[in-house]
Amino acid sequence: MRTTAARLEQKQPMDFGTNVWYGATLDKLKSHLIEQIDIISSYPERDAKSLRRLLARRYELKDGNLIITAGTFTAVNVIARIFDRKKSLFVTPCGGKLIEGCEASNHEIVLSGDVNSLSELDFTGIDLCWMANPNTVSGKQYRRKDILDMVDSHPNVTFIFNITYGNYVLDDPLKPSDMGKRSNMIMFSSVSKSYNLPGLRLAYIVAPEGIGKVLQKQVASYSISTIAQEAGKYIFVHPAQFVIPLRKWLRSAEEFRSTLATIPEIEVLPSNTPYFLIKLNVGDGRELARFLAEHRNINIRTTDDVCGLSNQFIGVSTRSSEENSLLVAAINEWIASKVK
């Protein structure tokens, strides 16, 4: 991992706006892919069959339960397509791209608004419910038992869960095996986020076999490159190389949030993950983002592409202590210029 000084010297921004695990060690994976580079001269498996089988064994599912896609946006689009013209409830906050994918398939969109409990969700007339657990924007996590009870209590609603950040929490997350014999539950996850490999565009869907067959037909043949498939197989065969030091990262996140909370002009929202939301009581997130990018070479997440949040909010992910301190100082500097 490059030091902060090296990153600044090379003009690379400190990226607090993405939720990828910044400390991933990829040397062995890179060496493996270099050794296998000749595979780029061969066509990829048309449906990533070997990777599907590997994941199925890992999660104790059938091959037909797994569909490999070129990233989570593709996963969302193929799921939305097979439920054309349905009424979809989205638990907010959520990414705007998620809703765009459903709108492209003529879904009627309903936003949940701010809810503290799953019991507050209204499923009247709803065909599909889309939810990330933990939430991809706020880091909020609902209890696994409560989610499964909700799924079982509404058999006429198909629940679609983004479980990408399940390995960013200590509390029991949703698992692919939770689908079991449930016919109204679909899950999808990015392979790249927690491994700091967003350029691979690799994700998977877990679905009941009947739905899985329909979904597989929606995925373009040969759409997962040979390199992406090989990287995915390597990751799941060598999981010990990609273990996140989660307790340490979460402790650092708690220290980061505590330091930020001493700034009177902002409100730090609770989170179960190393990423979280900040509400600004002066200015707005776009102004702050411009200042940080132009003057401090720092990126944060604004809410321009988020449904359910105003521009008063920003999202940040915990990085090294040194980098976290630089962001705190920069936010203090910006706020001081606003409250003169």
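Annotations
- Surface per residue (accessible, 1.4 Å probe) for the chain, Å²: 47
- When only the Cβ of Lys, Arg, Asp and Glu is charged (+1, +1, -1, -1), the dipole of the chain relative to its Cα centre reaches about 760 debye.
- Looking at region 69-158, the trypsin sites (Lys or Arg not before Pro) that sit in a DSSP loop and have at most 16 other Cβ atoms within 10 Å of their own Cβ are Arg85, Lys86, Arg143.
- Each other residue within a Cβ distance under 14 Å of Ala48 adds +1 if Lys or Arg and -1 if Asp or Glu, for a net charge of +2.
- Residue-wise HN-Hα coupling along region 321-331, computed from phi with Karplus coefficients 6.51, -1.76, 1.60 (Hz; x: Gly, Pro): 4, 5, 5, 4, 5, 5, 5, 4, 4, 5, 5
- Centroid-to-centroid separation of region 50-105 and region 117-164 [C-alpha atoms, Å]: 15
- Ellipticity estimate at 222 nm from DSSP helix runs (n ≥ 4, -39,500 (n - 2.57)) divided over the chain, nearest 500: -11000 deg cm²/dmol
- Length-normalised contact order of the chain in % [C-alpha pairs under 8 Å, at least 6 apart]: 24
- Derived scalar couplings between HN and Hα for region 45-52 equal 4, 5, 10, 6, 4, 5, 5, 4 Hz in order, rounded to whole Hz, by the Karplus curve 6.51 cos²θ - 1.76 cosθ + 1.60 (θ = phi - 60°), x for Gly and Pro.
- Evaluated with a Cβ-only charge set (Lys, Arg +1; Asp, Glu -1), region 224-340 carries a dipole of roughly 200 debye about its Cα centre, given to the nearest 20.
- Unsatisfied cross-links (Cα-Cα over 30 Å) in the set Lys175/Lys217; Lys233/Lys279; Lys97/Lys217; Lys11/Lys233; Lys28/Lys248: Lys233/Lys279; Lys11/Lys233
- Options [x] 48; [y] 51; [z] 44 - which one matches percent of Cα pairs over 27 Å apart as calculated here: [x]
- Mean Cβ count within 10 Å, highest first, over the residues of peptides 275-286, 215-226: 275-286, 215-226
- Anchor Lys62: aspartates and glutamates whose Cα lies under 17 Å away (excluding residues fewer than 8 positions away in-chain): Asp47, Asp178, Glu209
- Region 4-124, accessible surface, carbon-and-sulfur percent (1.4 angstrom probe): 45
The values are calculated or read from the model by the stated rules, or taken from the named source; none is laboratory data. Predicted model only: the values in this text are computed from it and were never measured. Here Cβ is always computed from backbone atoms with ideal geometry, including for glycine, and neighbour counts include all displayed protein chains. All accessible areas refer to the heavy atoms of the entire protein, side chains included, with ligands and DNA or RNA removed. Shrake-Rupley method; radii C 1.70, N 1.55, O 1.52, S 1.80 Å.
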